[in-house]
Amino acid sequence: MDGGRGGVIEHSEDSRDHKTQSASSHREDKVIVSWLRLSYKTRIWKLRMKLLEVNCVIVLLGSLTWAPATATTFTLPSPWGYRCDADRCVKEENTGVDTLVTLNTCKLTCGPYGVLWPKPTTATVGNEVAEFLPTNVTYVTACVGEVCSLLETAIEIFKDNLQRYHPDYASGSAPWEGPWAPDTVAHTLHIAVDVTGKETRITLDTDESYDLLVATTGDVTSASISAPTFFGARHALETLSQLVEYQENRDSLMIVTTAKVTDSPVFKYRGIILDTSRNYISVESIKRSLDSMAANKLNSFHWHITDSHSFPLYLETLPNMAYYGAYSPRQVYYPADVRHLVEYGRVRGVRVLPEFDAPAHVGNGWQWTEKEESLGKLAVCVNREPWQSFCVEPPCGQLNLANPNMYKLLGQIYDEMVQLFSPIDLFHFGGDEVNLNCWNTTEEIVTWMNDNNFGLSSDAYYQQWGIFQEKARQLLTAANGGTEVPGIMWTSHLTEAGHVDRYLNNSQYIIQIWTTGDDPVIGELLNKNFRVIFSNYDAWYLDCGMGAWVGAGNNWCSPYKGWQTVYDNSPYAMAISQTGSPHPDLVLGGEAALWTEQGDDTTVDSKLWPRGAALAERLWTNPDTNWEAAETRFIHHRQRLVMRGIMAQRVQPEWCHQNEGLCYL
Amino acid sequence: NLFCSRYKRSITVASDKTMITKVASDVGRIFLLVCLVFSVPPCSTTFRLTSPWGWRCINETCVKQENDGVRSLADLSTCKLTCGQDSTIWPSPTGFLKIAPQTVHFLLESLTLRGITAPTDQVKELVEKAFHIFRDNVGKNIPEGGGKATVMGPFHKQVTSHRVFVAVTVTGRVTRLSLETSEAYTLGITTRGDVTNATVLAGDFFGARHALETLSQLIEYDELAGVLQIVSTAAVVDAPVYKYRGILLDTSRNFFSVRAIERTLDAMAASKLNTLHWHITDTHSFPLYLESLPRMAFFGAYSPREIYRAADVRHLVEYGRVRGVRVLPEFPAPAHAGNGWQWAQKQGLGKLGVCLNQEPWQSYCVEPPCGQLNIINNNTYNILAQIYKELLDIFSPLDLFHFGGSKVNLNCWNTTEEIVAHLEKEGHGRDHESFYRLWGSFQKSALDLLTQANQGKQIPGILWTSQLTEKDRIESHLDPQQYIIQILTNRTDKMIKSLLTKGYRVIFSNQDAWNLGCGFGNLSPSGKSWCINYKGWQAVYDNSPNNISATLTGSSHRNLILGGEAVLWSHHVDDTTLDSKLWPRGAALAERLWTNPDTNWEAAETRFVHHRQRLVRRGIMAQRVQPEWCRQNEGHCYL
């Protein structure tokens, strides 16, 4: 007998989701052809379901001849369909006369942007769909050099994403079984991609724009993509995949027959930060994060690899770092893993940006140097207690400014990191939350400060921290073969109001703001011409709102930041409120942060998504409207992420998805 | 590729060598050397670092230390297994507990069921099933799945020849959990020579399965030896403090797959919780396929893929039973009924649901969509009887039933012409009390219908606290012999006192601690969430029904407080986050209800974080509550 899914599809209004939604002369043929494909039993069953629908009366009451329900043998049909009414999908009962469409069909074609996420700069989306099978996708590319192979990969990813629309997709394939109408089988999606540029690495100068034109003639839907760079072209493929949905009634795909999209991002830097030190996150989970970022046209995966808690990065030249610093031998990133992830991100339009946090936020992993006479203690206050006196959270640890060998190792670390992540266009130095008391209670450092006549004042320590940062920058430049790349630093004591430019130079550093969106330091940074990235915790810290992990109560930045808060957090608005100008030349973009004190593989998806998607639309589109205008598209996009294997959290009862606009306040 | 595989092999050898030379003090340097020789990036699938760290039990705390080469320290799991009073047993046993600090290694295939002594074949069969589940859980301790050790031997003869026998004796015939089931057990482990005997003695099957659960928690994988280990000697005497230890799952706001519910039952069993309260339907959707009323799901399910069939329900009931969990159905009425009832009018039965999806929802219900039963239409009762009948059939045999009964919106009824006309015809007023009387008489009918459906046998009904359970109203509508009241309000609510002093049996689900759905942005679309704060595991753990009662009434009312239940309303949840919302916080609830410790969460913390790891190993996507550093450095993440 036909599997569960097939059972429902041969309704009397068979052609209701068809390409043209007219073709009534062909309707009967189609019905008969697909009808004949079914086994006898299925036909009988379908006949019953058909009866049921034609009469609009379910004559099943007590009809127990109708085999008792077992989950695997049949699927109930649904009496519901959807009608597009004033850009809104309205759920209605199929009366047997009307031709209502499925929810997916309606969402694809209802409203000016269909279910595109993030919303394109401009788009016209048609209101008809054509059914096709994922096997009927052809393409041609016009490109130069390495861009061609990147495009090939991007198209493979696109095809895999099509497979994933099937509800029973599992590891690489899906059971497309039909029965299909002849039109469906004959229909081809033909993609033509034209990329003019040669860029194969994303930078802050990359033009990620694209044009996409979808048109249908006869049995062919053609999608023409033109983009100045590979990165624009892959975004176009992403958009194209969002003009496609699963057609439940047909067990096929469907694509909007006509569309025209002209699109480019508002912000250059659109990121997610993931912390793999507080808890280890598997390579597989990081790949899922990159998949999901690609689905949202986010372009920067900021990898906070190490911290005082653990050092999971295996360095070939310094294997002792991970040997001592990893939580366990199972919780290590090897060079092959890192290279794999960098490449995995690149073909998905995502830069994998390393952060090596220093001089604070170091600790475990550095213990071994003490035993080496030639090195000595390179990190101080490691795991020192009571932690409250020496750091912001357990365990403590800071680099030993007094030991010049520390710079030797730091240089070595940078060397290998630059190599692993190469070529880098940005580097994140971390640089936050230095605890002066740690240094000032470490004998070696105090002696060194005194011996050099620096004194022990706060200013003296900040001065030394500034010098450390300059040395670090030089080491990185050396590691990068002499090529300077902009360094990113967290807002910290070095960037405090009144002296943001005392230690850092605005041509060398980009400042990432993690304090609240109304912190006056934002105004000062912009007024002093620093380029900035927003990660203000009151909206973009995705770990907030759990229980506390030291002590009772809730964690420090509670409550949870709902997707609405994430969506409405506008970098330009924050810039304007402090300086009167949006400073588009200085505000590079933003980044949502997932610190992992209370998360690991089991929750990384649900903490990042779908809220990361809310961030994505803010940064790509920067809409004038707030979350309310985006809600129905957002809910649908969350479903799409789940289809693609991302364990994104639900944000509403499904009833709200099926009854657009009725979950209002 | 060829190079890579050859390279892998040599690197594996190298790392093995490194492991062997662990005794040398300069491991790091040797390792460095090894790595420099093979200056090609390691292939992460086979190459693995070793670790310099081990753990030593000092004052009942596992302390992380560097292996100094003289003594090989234990790995973390091994240390936790034998260090401290309660080992890593969760929930902590209430009776006697003694665990020797030694363990013995054994292979999974040497773990066998030696014998079952049971009064009936049914009990024997249940024990056999429970043993299989137990053994499967033991296998899940072995990393990288498949029940295969990463270190595949050869093992020392002492390991390969060691046998672990389990013998189970059950004296009682009970095969269904009820409020009278004792669930108590004793477990003994002794080791002599190359045999370890685990002996379980229980008054009923449910106690026996709890014993096996405890036994599984006395077994851990030894990372260094690459093999399983069991504590060599132990004695446990254990019984739960509360009879009712539950989790509520709402499958109406969002649908959960059968597989996800199975996982929930697995995790409940691992924490000795005993009731899955299934809030099947609500106004949002009607996912239950009833054979006698297929139209309920036809109209009420979100989609044909989001339906529970009779076979699914029966499967889950049985899946729970062998894991010591009662699957308790709730069919909420007369409010919280909506989608799924649309069909009746066309069938000539009249309107059975009123205010269905009515707007503006704020006037007719607490959250969209609205819907309440039409309690003046006789057909409502006929259909309700049919629903009860089928529910009893697929969940049978039931020892409890949940009627729902919360949050009735009087304005809905009071603006429904049909109901208003009826009240006027009958000469009743339209004041609040008239509506409450109407509701009260509905509830009485519902109870009668349930009893009829249950062949005349009365079972206690559970009702949520509501307007009907208020101090001055409850006694005229609800008989304390027939109803158990589930407390949904805050711990300070005066209603708790009135319920207890009037002699009602209660189940605590006070939302200020045990609502696991809180803290994820606006709960209803209202934007003004009534539970904005997430309930951390600490708050869940410290919520003591006993203390709440003592504070409000001056007595602990041990005979009336049946237990408690954490509730997960699913506005923001479906399959993707079910596990992480319920676990490990559900485990915190479990210890409160099983053990009811005098101490608070702090005393339980290290066991708790270890138990969370155990749940993850068993395939439950439980959330992390701390950095791994805290787990490896016990007692250092203090405030």
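Summary table
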read-out: Computed log₁₀ I(q)/I(0) - Debye formula, equal Cα scatterers, no solvent, chain A, q 0.06, 0.09 Å⁻¹; value: -0.39, -0.80
read-out: Virtual spin-label span in nm between B:Val420 and B:Phe96, 7 Å along Cα→Cβ; value: 7.2 nm
read-out: Of all accessible heavy-atom area on the protein assembly as shown, the percent that carbon and sulfur account for (1.4 Å); value: 52 percent
read-out: Phi to ³J(HN,Hα) by Karplus 6.51 cos²θ - 1.76 cosθ + 1.60 over segment B:489-496, Hz, x for Gly, Pro; value: 7, 7, 5, 8, 4, 5, 4, 4
read-out: Largest to smallest principal axis extent of the C-alpha atoms in segment B:539-613, angstrom; value: 43, 30, 17
read-out: Per-selection Rg to Rh, segment B:599-639 - Cα, Kirkwood hydrodynamic radius; value: 0.98
read-out: For segment B:252-363: accessible area per residue (Å², 1.4 Å); value: 21 Å²
read-out: Positive dipole terminus of the protein assembly as shown, leading residue within A:Gly551, A:Pro386, A:Gln398 (C-beta point charges); value: A:Gly551
read-out: Pairwise FRET efficiency - B:Asn600 versus A:Ala478, Cβ, R0 = 56 Å, nearest 0.05; value: 0.55
read-out: Crossing angle, helix A:40-54 versus chain A [Cα axis fit, 0-90 degrees, rounded to tens]; value: 90 degrees
read-out: Average accessible area per residue (Å²) across chain A - probe 1.4 Å, nucleic acids and ligands excluded; value: 33 Å²
read-out: Translational diffusion of segment A:362-416, µm² s⁻¹ [Kirkwood Rh, Cα pairs; Stokes-Einstein; 10 °C; 1.306 mPa s]; value: 137 µm²/s
read-out: Calculated FRET value between B:Arg259 and B:Ser182, using beta carbons and R₀ = 30 Å, to 0.05; value: 0.40
read-out: Potential lengthening between A:Ile576 and A:Glu628 on full extension [0.36 nm per residue; Cα-Cα distance subtracted]; value: 16.5 nm
read-out: Probe 1.4 Å, protein heavy atoms only - accessible area per residue of segment B:476-524 in square angstrom; value: 31 Å²
read-out: Other protein chain Cβ atoms within 10 Å, averaged over every residue that makes up A:540-548; value: 4
read-out: For A:Glu156, solvent-accessible area (1.4 Å; no DNA, RNA or ligand), Å²; value: 100 Å²
read-out: Interface size B-A, as summed buried accessible area [1.4 Å probe, Å², nearest 100]; value: 8100 Å²
read-out: Gyration tensor (alpha-carbon) shape descriptor, segment A:380-490, a/c threshold 1.5; value: prolate
read-out: Local electrostatic count at B:Gly456 - Lys and Arg +1, Asp and Glu -1, tallied over other residues with Cβ under 14 Å; value: +1
read-out: Average beta-carbon neighbours from other chains, 10 Å sphere, peptide A:658-665; value: 5
read-out: Global form of the protein assembly as shown, assessed from the alpha-carbon gyration tensor, a/c cut-off 1.5; value: oblate
read-out: Neighbourhood net charge (12 Å Cβ-Cβ; Lys/Arg +1, Asp/Glu -1) for B:Asp266; value: +3
read-out: Full-stretch length increase - B:Asn559, B:Gln467 - with 0.36 nm per residue and alpha-carbon distance subtracted; value: 30.6 nm
read-out: For A:Asp538, net neighbour charge (Lys/Arg +1, Asp/Glu -1) across residues whose Cβ lies under 9 Å away; value: 0
read-out: Alpha carbon centroid spacing (whole Å) that separates segment A:589-611 from segment A:161-207; value: 27 Å
read-out: Estimated [θ] at 222 nm from DSSP helical runs (n ≥ 4, -39500 (n - 2.57)) normalised by residues in the protein assembly as shown, nearest 500; value: -10500 deg cm²/dmol
read-out: From the C-alpha gyration tensor of segment B:72-223, square roots of 5λ in Å; value: 28, 18, 14
read-out: Segment A:538-665 shape via C-alpha gyration tensor axes, a/c threshold 1.5; value: oblate
read-out: Computed E for A:Ala170/B:Gln158 - FRET, C-beta separation, R0 45 angstrom, nearest 0.05; value: 0.55
read-out: DSSP-defined antiparallel bridges as percent of all bridges, segment B:216-354, nearest 5; value: 25 percent
read-out: Cα→Cβ-extended label distance, 7 Å offset, between B:Glu128 and B:Asn411, nm; value: 6.1 nm
read-out: Reciprocal mean inverse distance between Cα atoms of segment B:206-317 - Kirkwood radius, Å; value: 16.9 Å
read-out: Span per principal axis, largest first, for the Cα atoms of chain B (Å); value: 95, 54, 47
read-out: Crossing angle, helix B:258-270 versus chain B [Cα axis fit, 0-90 degrees, rounded to tens]; value: 60 degrees
read-out: Burial order of peptide ranges A:216-228, B:202-214 (average beta-carbon count within 10 Å, highest first); value: B:202-214, A:216-228
read-out: Under 16 Å from the A:Asn437 label point (7 Å along Cα→beta-carbon), backbone N, segment B:613-639; value: B:638-639
read-out: Label-point separation, B:Gln482 to A:Asn527 (7 Å along Cα→Cβ), nm; value: 7.5 nm
read-out: Ranked by how many other beta carbons lie within 10 Å on average, peptides A:618-626, B:121-129 from highest; value: A:618-626, B:121-129
read-out: Stretchable slack from A:Thr122 to A:Glu92, in nm (0.36 nm times residue separation minus alpha-carbon distance); value: 7.7 nm
read-out: Averaged over B:537-546, number of beta-carbon atoms from partner chains that fall within 10 Å; value: 2
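The values are calculated or read from the model by the stated rules, or taken from the named source; none is laboratory data. Just so it is clear, the model here is predicted, and its values are computed rather than measured. All Cβ positions, even for glycine, are placed from backbone atoms using ideal geometry, and neighbour counts span all protein chains on display. Protein only, heavy atoms only, side chains kept; ligands, DNA and RNA dropped before computing areas. Shrake-Rupley method; radii C 1.70, N 1.55, O 1.52, S 1.80 Å.
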